Structure formats: structure tokens, C-alpha cells
Amino acid sequence: MKLACSMLAVLALAVPVQADDITVGFAIAKSGWMEAYDTPAATAAKIRIDEINAAGGLLGNQIAVVDADTRTDRAESAKAGLDVLDQGAQMMVVSCDYDFGAPAALVAEGEGMNSFFLCAEDVKAGIQGVGPNSFSASVLAPVQGATMAEWAHAKRDARAAFVLEDTFIEYNKGICTGFEWMFPQLDGAEIVGRDTFKNDDASIASQITRIKSLEKAPDVIMLCSVMPGAAAAVRQIRAAGIDALILNGSAVDGSYWLDAVPDLSGFVLPVQGSIYGDDPRPEVEAFNKAYEAKTGARPTSQYAYPGYVLIDLWAKAVERAGTVDGASVTAELEKMQAEPTAFGPRSFSADLHHQNTALMQVIEITDGKPARVDEWQISQPVPLDVLMGK
């Protein structure tokens, strides 16, 4: 992370902003816990900016970058938004998380500018929570849960599921929402139990007792959680002798946590692209290598990828609009249906500035080693009322 941060600083200071540049402002966390999510995605965004500049720029101009640190603080997020605005930003990139990115995004919205969340997966990170010129290029958490439901049913004959939700953040709720919407629709599928826990709970013994006392043992456990609580829960589930397939969302991508659960098997998650060198799309591995060339290391999770995608989509919309004007660019973005990107097609509409369906790569951990085993796209988009929790 220190290397990545220093790279961002070099990128920000290396080239002075010129009068005719198109300026993108990054109001993101360069310190605090959100930095672990924002730095990789911002680095990816800047890789795409470098590529566009090397190919002649955007509307005949180079793209310049200015940035400010939100310090993983909501009040500082708004200040960072104002800071990059003062530096001439014409589009704003904000933090991965809705809560921490929204204050800056609202600054952009007040100016009629486009904003893009780096990797937010809450529907409010867009029209519903910010306004008509705000977008996210990542894949919504409910889509991840629905993907796991349909894939496990089709490929692992899952018919009985137990849902275990970590109440820590809205992202976790979203995964469970998608799973609980999709799974009961599938032939012979039933949710046989449900429970909750808190991410910092030292023990989930009571939840495990409920799982083991079920009349019908679950084929899968839908664990809606993030680190560090997810690793602790998995360790306790396996220690209790429960060998059901465990499913989760994209936030647990990466091998950094696997020492906490030695020789783990039967753990599956969906991602936008594989960091492990086994993605079937050559564009993904080309990006992984470009990221390594820029930072000295390959991406450690799939959360770098949406940063690259957001700049790619925004730049296409700017070229088609012939301007960086927010409303004009929004109109072009909303025309995108299955728009090709290195990480799969992306679509936006006048009602939704997120992905309510997407082709996901399926990663399975076996004997402590993660690898891509499949890909899956849900058979129907997650409806807006489900995304809104209604």
C-alpha cells in the first residue's frame, strides 16, 4: 500500500495542469482504512488515463489529474471535493464506499459535473443517493449474491441454503438481499435458516449451533461478510465440522486472508476479473501486467478493475458527446447497453447508473489456493425495488 500511495503522489505531481487540459479530480482516501480500496482503483483509473493520453488524449486534449485526500472521513470528503473543484476538476472520481464518497460526489452534483464512485456497490452511489450525474462502474452487491445463488444451484446442485449475514455494513446486506431474492425462485431451492452476527464478534458459536441443529443440513452457506469477520466466521464454521459449500461476495477476493483458515476448501465468490493469471480474457491479464509495471506488484483483489472501467466508459461518453458537460455526458452514458470493456459489458439507463447484471468470474478456494473455475451471468437483472430493499 505504501508503494501504491507513493505512485499516486508521483502521478499527481509529475505533470502540471495546462490551460487546455481536461482535468479529472480524485477526491479519494489516501489515508485511513478506505485507502486500501481507493488506492488500487485510483491507480487503475490513472493507468487508463495514461493510455488515453498516449493515444492522443480526449477531444484532442490531454487528461490531467488533480487529487485531494478524504482521510476516510465524511466531512473531509466534502472538503476534498471542493479542493479538486478549486483545482479545476471537470469530472470527479470519489471513494469506493457510498458513505465516504457521497459528500464529494454531492459537491460535483451541485456543479452539474459527472462523478464516478471508484468501486461502490450500493445502489445509492448514483441517481438514488447523489443525483442524475453520478455513476459507479462496479457490480452491485445484490448481483453478487444472486450470481452465487444461481451458480450454486446450477453447478453444485444446491437446494438447501443457510443465510448468515454480518450486520457491519450495507454491502453485506446487499449480498444477502440478492441471494434471498434469487435462490427461492430456483427449482427445488429453499432457504432453510437465517441468522446474523457482527463483524467483530469473537464467537459465532450460537449461530453454528443453529446450523448444526437444522433438520435438513444446508448444501450451501451464504456468508454475507467482509474481513476480518468473514475469515473468523469461516474458521469457526470449518472447525465445527460443517463442510457445506460457503459462498460470499467479491469483497473477500484475494489470498491475503487465507493464512487465517489453513487449507480452506469449498469457498466460492464472484469477481469482475481474476487476479490469479487464469482469466480467459487476454485484456484482463494485460491489465494485471500493466498494473504490476506501474506499481511493482500485481493487483491484490478485483477492486482495482472498476477504476479502469470508469475512465474507459466516461471517456467514450465524452468523445460521443463532444464535451465534458455533465448532462451531455450523462445522456451518452445512459445510452450504453452492453458496452464492451476489458472486464465485460456495462450498461446504464435513466433509472440506474449501476450494473444490475454482469458476467462474473467464479473463484473457488481449494486446499488454500484460489483459482477461477467458471463464469456466470444471472438469468434476469435484479429489479430496482429489490436493489432498494423494498
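Just so you know, all these numbers are worked out from the coordinates, no wet-lab data involved. None of the values given here were measured: they were computed from a predicted structure. Positions of Cβ are backbone-derived with ideal geometry, glycine not excepted, and every protein chain shown enters the neighbour counts.
A few notes on this one:
- Nearby lysines by direct alpha-carbon distance to Lys30 (threshold 22 angstrom, same-chain neighbours under 8 apart not counted): Lys2, Lys46, Lys79, Lys294
- The Rg/Rh ratio of the stretch 53-171, with Rg taken over Cα atoms and Rh as the Kirkwood radius over Cα pairs, comes to 1.12.
- Cleavage-rule hits (trypsin sites (Lys or Arg not before Pro)) in the stretch 115-192: DSSP loop, at most 16 neighbouring Cβ within 10 angstrom: Arg156
- Gyration tensor verdict on the chain (Cα atoms; rounded if a/c is under 1.5, prolate if a/b is larger than b/c, oblate otherwise): prolate
- Among the chymotrypsin sites (Phe, Trp or Tyr not before Pro) in the stretch 33-102, those placed in a DSSP loop whose Cβ has at most 12 other Cβ atoms within 10 Å are Trp33.
- Helix 170-182 axis, angle to the chain major axis (alpha carbon atoms, nearest 10°): 60 degrees
- Estimated purely from DSSP H runs of n ≥ 4, each contributing -39500 (n - 2.57), the mean residue ellipticity at 222 nm for the chain is -12000 deg cm²/dmol once divided by its residues.
- Sequence of Ile169, Ile63 once ranked by neighbouring C-beta atoms within 10 Å, starting from the fewest: Ile169, Ile63
- Exposure proxy ranking for Val220, Val373, Val252, based on other Cβ atoms within 10 angstrom of each Cβ and starting from the fewest, stands as Val373, Val252, Val220.
- Look at the alpha carbon pairs under 8 Å that are at least 6 residues apart: their mean separation over the length of the stretch 246-361 gives a relative contact order of 23 percent.
- Here is the list for the stretch 180-260: chymotrypsin sites (Phe, Trp or Tyr not before Pro) lying in DSSP coil, each with at most 13 other C-beta atoms within 10 angstrom of its C-beta, are Tyr256.
- A simple count of charges around Met34, restricted to other residues whose Cβ falls under 12 Å of its Cβ and scoring Lys, Arg +1 and Asp, Glu -1, yields -4.
- Leading residue at positive end of dipole, the stretch 22-102 (Cβ point charges), from Gln87, Asn53, Thr23: Asn53
- Principal-axis tilt of helix 35-54 within the chain, Cα atoms, nearest 10 degrees: 50 degrees
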